[in-house]
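Q: Handing you a structure now.
The values are calculated or read from the model by the stated rules, or taken from the named source; none is laboratory data. Not measured: the values here are computed from a predicted model. So basically every Cβ, Gly included, is an ideal-geometry build from the backbone, and we count neighbours across all protein chains shown.
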Amino acid sequence: MPEPVQATGRLPVLTLYTRQGCHLCEQAAEQLTRLDFRFEPVDIDADADLKQRYGHDVPVLALGGQTLLKGVLSPARLSALKLRLLRENPAR
(Lines give C-alpha, C1' and ligand atoms only; values in the text may rest on other atoms or scores of the structure.)
Protein backbone atom coordinates (compact mmCIF):
# COMPACT_ATOMS: atom_id res chain seq x y z
CA MET A 1 0.00 0.00 0.00
CA PRO A 2 1.52 3.40 -0.96
CA GLU A 3 2.35 5.87 1.77
CA PRO A 4 0.11 8.94 2.06
CA VAL A 5 1.34 12.04 0.27
CA GLN A 6 2.24 14.91 2.56
CA ALA A 7 -0.19 17.78 2.05
CA THR A 8 2.62 20.34 1.95
CA GLY A 9 4.16 18.58 -1.03
CA ARG A 10 0.93 19.09 -2.91
CA LEU A 11 0.55 22.73 -2.00
CA PRO A 12 1.96 25.37 -4.34
CA VAL A 13 4.43 27.94 -3.07
CA LEU A 14 2.44 31.08 -2.29
CA THR A 15 3.64 34.67 -2.08
CA LEU A 16 3.00 36.58 1.14
CA TYR A 17 3.21 40.31 0.49
CA THR A 18 4.15 42.04 3.71
CA ARG A 19 5.98 45.00 5.20
CA GLN A 20 8.24 45.57 8.17
CA GLY A 21 6.48 46.37 11.44
CA CYS A 22 3.10 45.00 10.30
CA HIS A 23 1.71 42.90 13.13
CA LEU A 24 -0.94 41.35 10.86
CA CYS A 25 1.84 40.30 8.48
CA GLU A 26 3.77 38.70 11.32
CA GLN A 27 0.65 36.86 12.48
CA ALA A 28 -0.06 35.72 8.92
CA ALA A 29 3.44 34.27 8.55
CA GLU A 30 3.08 32.45 11.88
CA GLN A 31 -0.30 30.98 10.87
CA LEU A 32 0.99 29.93 7.44
CA THR A 33 3.93 28.18 9.07
CA ARG A 34 1.73 26.53 11.69
CA LEU A 35 -0.59 25.20 8.96
CA ASP A 36 2.34 23.88 6.85
CA PHE A 37 1.89 26.24 3.91
CA ARG A 38 4.85 26.83 1.63
CA PHE A 39 5.29 30.57 1.10
CA GLU A 40 7.78 33.20 0.11
CA PRO A 41 7.55 36.52 1.99
CA VAL A 42 8.02 39.66 -0.10
CA ASP A 43 8.46 43.10 1.49
CA ILE A 44 6.41 45.49 -0.62
CA ASP A 45 8.37 48.50 0.62
CA ALA A 46 11.41 47.20 -1.29
CA ASP A 47 9.58 47.62 -4.62
CA ALA A 48 7.77 50.84 -5.62
CA ASP A 49 5.33 49.00 -7.90
CA LEU A 50 4.34 46.54 -5.17
CA LYS A 51 4.06 49.35 -2.65
CA GLN A 52 1.68 51.22 -4.93
CA ARG A 53 -0.28 48.07 -5.81
CA TYR A 54 -0.82 46.79 -2.26
CA GLY A 55 -0.37 49.92 -0.14
CA HIS A 56 -2.07 49.30 3.19
CA ASP A 57 -3.78 46.06 2.10
CA VAL A 58 -1.00 43.85 3.50
CA PRO A 59 -0.81 41.06 4.32
CA VAL A 60 -1.77 39.71 0.90
CA LEU A 61 -1.48 36.05 -0.03
CA ALA A 62 -1.12 35.41 -3.75
CA LEU A 63 -0.48 32.63 -6.23
CA GLY A 64 0.91 33.45 -9.65
CA GLY A 65 -0.17 37.08 -9.51
CA GLN A 66 -3.70 36.20 -8.35
CA THR A 67 -4.73 37.50 -4.93
CA LEU A 68 -6.09 34.66 -2.81
CA LEU A 69 -6.58 36.42 0.54
CA LYS A 70 -5.80 39.76 2.12
CA GLY A 71 -6.22 41.35 5.51
CA VAL A 72 -6.49 39.21 8.62
CA LEU A 73 -5.39 35.69 7.68
CA SER A 74 -7.13 33.75 10.43
CA PRO A 75 -6.65 30.01 10.92
CA ALA A 76 -10.19 29.43 9.65
CA ARG A 77 -9.62 31.38 6.42
CA LEU A 78 -6.26 29.72 5.84
CA SER A 79 -7.65 26.25 6.53
CA ALA A 80 -10.43 26.82 4.00
CA LEU A 81 -7.85 28.02 1.46
CA LYS A 82 -5.63 25.01 2.13
CA LEU A 83 -8.55 22.64 1.52
CA ARG A 84 -9.36 24.44 -1.73
CA LEU A 85 -5.75 24.28 -2.93
CA LEU A 86 -5.49 20.59 -2.07
CA ARG A 87 -8.67 19.86 -3.99
CA GLU A 88 -7.35 21.78 -7.00
CA ASN A 89 -4.04 19.88 -6.89
CA PRO A 90 -4.92 16.22 -6.20
CA ALA A 91 -2.26 13.62 -5.43
CA ARG A 92 -0.73 12.03 -8.48
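Q: Can R19 be described as surrounded by fewer than 18 Cβ atoms within 10 Å (Cβ to Cβ) and of a type in the set (K, R)?
A: Details: surrounded by fewer than 18 Cβ atoms within 10 Å (Cβ to Cβ): no; of a type in the set (K, R): yes.
No.
Q: Additional query: Find the helices (runs of 4 or more DSSP H) located wholly in segment 1-90 whose residues include 3 or more that are touching a residue at least 60 places away in the same chain (Cβ under 8 Å), and list them. Step through it out loud before you land on a result.
A: On the way: elements: 7-10, 23-34, 48-54, 75-88.
Passing ranges, in order: 75-88.
Q: Right, here's the next one. Given the residues L73, L24, L68, L11, which is the only one that is of a type in the set (A, V, I, L, M, F, W, C) and modelled with pLDDT under 95?
A: Working: L73 fails: modelled with pLDDT under 95; L24 fails: modelled with pLDDT under 95; L68 fails: modelled with pLDDT under 95.
Only one candidate qualifies: L11.
Q: Restricted to segment 6-23, and to residues that are aliphatic (A, V, I, L, M) and within 16 Å of L68 (Cα to Cα), which residue is farthest from the chain's Cα centre (by Cα)? First the steps, then the outcome.
A: Here is the first cut: in segment 6-23, the ones aliphatic (A, V, I, L, M) are 7, 11, 13-14, 16.
Checking which are within 16 Å of L68 (Cα to Cα) leaves us with 11, 13-14, 16.
Details: L11: 11, V13: 8, L14: 5, L16: 5 Å.
The qualifying residue farthest from the chain's Cα centre (by Cα) is L11.
Q: Quick one: L61 ticks every box in (1) modelled with pLDDT of 95 or more; (2) surrounded by fewer than 15 Cβ atoms within 10 Å (Cβ to Cβ); (3) within 10 Å of the chain's Cα centre (by Cα) bar one, so which box is it?
A: Failing condition for L61: (2).
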